[in-house]
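Here is the structure we will look at.
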Amino acid sequence: MKSDVVIVGGGISGLSLAFYSARAGYKTTLLEKNERIGGSFNSHHCTNGKDAFWLDMGAHTCYNSYQNLLDIVEACHLKEDIIPRAKVPFMLLRDKELKSVFSSLNIFEALRSIPNIFSLKKDGLSVREYYSKIAGENNYNKALSHFFNAVPSQPTDDFPADMMFKSRPKRKEVLKNYTFREGLGSVARAIAKSKGINVFTGQEVTGIERLEGSYVITTKTGMTCTASTLALAAPPQASSRLLQTIEADISRHLGQIESASVDSVGVMVRKEDLAVRPVAAIISPDDIFFSAVSRDTVPHEEYRGFAFHFRPGEHEESKIRRITEVLGISMDKIAHRYDVINTVPSLRVGHRDWLEKIDGMLEGRNLLLTGNYFGGMAIEDCVSRSLSESRRIRKT
Ligand SMILES: Cc1cc2nc3c(=O)[nH]c(=O)nc-3n(C[C@H](O)[C@H](O)[C@H](O)COP(=O)(O)OP(=O)(O)OC[C@H]3O[C@@H](n4cnc5c(N)ncnc54)[C@H](O)[C@@H]3O)c2cc1C
């Protein structure tokens, strides 16, 4: 099959790049390894029919500052599906009790430290260096660090502070934070259906060659595509492997980005079986899981759901024991269970130098790279990277 652009990876990075490429009139093919499109946009449907129950196993919240995402949402006629998230709190689990993140803060230490916000710049500082100065070291250790670790489900002390939370211009007419009627997975499905994109799922790309100025892309099932432009939107280690033979320097540079696996287990429980108060998420310091993100933000008549994001490598019995302990239920009360592995980058201070170098290496090539390891791992960071990469597509 011949296309102008072939994109490897069907998460939001690959999908948004496919959207921009097709909109610019390029014949666009997207190849996704899994049978399901969306990557970390994964709204797992646990029941079918009217008012079906779904649970977001990866990304769950969007903000009115996600302007590029909102443009795509509008173009895919999904704006009507934007719904508010119920106002339920993020809770810390301490001594078997749920406590608000704020109640764990020492207010005097916070008041002493907060003026640092006016003099301290995030650039070049790690999450620990920056936030322990503006909130106080004890507050950081006791409360904030656990909250931060829950965001990418891995220790974040050494993450670049400027890539963790960003302030961006907001769209005032849109809800401050929101989700979609059928979860974030519906956004992935809508983009995949948009005009001009040929999507193939169940197609793991295993080989890439250069032939007479074109890229020849082959998949595990034997499918072959050729294109003048290749875009890689898979996690950095996977993209690095694919480039090994055709772009050794870029492959090596990509290989420097480490990633963490997140072992996520989703459970659905009947409402009457749960005593836990409604929450946005449960964060348990120094536990085998980083967070249990709840569906209470979109209340359902019959069920509640939690996506537990575990450290990788935990035993099955430990995971299920911890889920039942935290929720205060016996195993037979779990009405449905779903497991998935997400991959998230482990960004480090100095990442901007890495980024500058990779962009220099890509200059003048028909090779595009996108993903959640460029400006940051928020959804808008992924879409913004895809937008800027789409501007490098040229007709050859
Ligand atoms: C648990 C969790 C919660 C999050 N919550 C939020 C949130 O609420 N808000 C927010 O802004 N961000 C959130 N994020 C971050 C954000 O969701 C991710 O950074 C973003 O969705 C990543 O998209 P991506 O397309 O770059 O990567 P992915 O979603 O990982 O997609 C990469 C795709 O490439 C495919 N692939 C890999 N190798 C190959 C191959 N060889 N051939 C073909 N395909 C291949 C994979 O199967 C996958 O589908 C969350 C992330 C996680 C993990």
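Given a 1.4 angstrom probe, I'd like the percentage of the accessible area of the chain that is carbon and sulfur, rounded to a whole number.
After summing per-atom areas, the C and S share lands at 51 percent.
Would you kindly state how much longer the chain becomes between Arg210 and Arg352 on full extension, computed as 0.36 nm times their sequence separation minus their alpha carbon distance, in nm to one decimal?
Computed gain between Arg210 and Arg352 is 48.2 nm.
Can you give the helix-only mean residue ellipticity at 222 nm for the chain, where every DSSP H stretch with n ≥ 4 adds -39500 (n - 2.57) and the sum goes over all residues, rounded to the nearest 500 deg cm²/dmol?
-7500 deg cm²/dmol
Write out the trypsin sites (Lys or Arg not before Pro) in the stretch 1-89 meeting two conditions: DSSP loop, and at most 15 other Cβ atoms within 10 Å of their Cβ.
Lys50, Lys87
What list of ³J(HN,Hα) couplings, whole Hz, do you get for the stretch 155-166 from phi and the Karplus terms 6.51, -1.76, 1.60, once you set θ to phi - 60° and write x for glycine and proline?
Taking θ as phi minus 60°, the curve returns x, 10, 3, 9, 5, x, 4, 6, 10, 7, 10, 10 Hz for the stretch 155-166.
Quick one: of the DSSP bridges fully inside the chain, what percent are antiparallel, nearest 5?
70 percent
Given axes a ≥ b ≥ c from the Cα gyration tensor, I'd like to know whether the stretch 277-333 is rounded (a/c under 1.5), prolate (a/b larger than b/c) or oblate.
oblate
Using the per-residue mean of other Cβ atoms lying within 10 Å as a proxy for protection, in what order, highest first, do the peptides 172-181, 357-366 fall?
172-181, 357-366
Please calculate how many Å² of accessible area the chain carries per residue, with a 1.4 Å probe and no DNA, RNA or ligand atoms counted.
Accessible area per residue: 46 Å².
Suppose every K and R has +1 on its Cβ and every D and E has -1 on its Cβ; what is the size of the dipole of the stretch 102-163 about the Cα centre, in Debye to the nearest 20?
Its charge dipole is roughly 160 debye.
Which aspartates and glutamates, if any, have their Cα less than 13 Å from the Cα of Lys271, not counting same-chain residues under 8 positions apart?
Cross-link targets: Asp296, Glu301, Glu302.
Most fluctuating residue of Glu325, Glu258, Glu212 in a GNM of the chain with Cα springs under 10 Å: which is it?
Residue with maximal mean-square fluctuation among Glu325, Glu258, Glu212: Glu212.
Amide H neighbours of Gly10 under 5 Å, at least 5 residues apart or on other chains, H built in the peptide plane: list them.
Lys33, Gly38
With 26 Å as the limit, write out which pairs from Lys79/Lys357; Lys87/Lys142; Lys27/Lys220; Lys50/Lys319; Lys96/Lys176; Lys170/Lys193 have Cα-Cα distances beyond it, or answer none.
Checking Cα-Cα distances, Lys79/Lys357; Lys50/Lys319; Lys96/Lys176; Lys170/Lys193 exceed 26 Å.
Dipole magnitude of the chain about its Cα centre, charges +1 at Lys/Arg Cβ and -1 at Asp/Glu Cβ only, in debye to the nearest 20?
920 debye
Out of residues 5 or more away from Ser126 or on other chains, whose amide H comes under 5 Å of its own, with H placed 1.01 Å from N in the peptide plane?
Those qualifying (amide H under 5 Å, at least 5 residues apart or on another chain) are Ala161.
How about the stretch 1-104: which GluC sites (Glu not before Pro) there lie in a loop by DSSP and see at most 13 other Cβ atoms within 10 Å?
For GluC sites (Glu not before Pro) across the stretch 1-104 that sit outside H, G, I, E and B with at most 13 neighbouring Cβ atoms in 10 Å, the list reads Glu35.
Amide H to amide H, which residues 5 or more places from Asn42 or on other chains are under 5 Å from it, using H placed in the peptide plane?
Met57, Gly58, Ala59, Gly185
The values are calculated or read from the model by the stated rules, or taken from the named source; none is laboratory data. This one's a predicted model, so the numbers in the text were calculated from it and none came from an experiment. Here the Cβ is made from the backbone with ideal geometry for all residues, glycine too, and neighbour counts use every protein chain on show. Please note that ligands, DNA and RNA were not included when accessible areas were found on the heavy atoms of the full protein model with its side chains. Shrake-Rupley method; radii C 1.70, N 1.55, O 1.52, S 1.80 Å.
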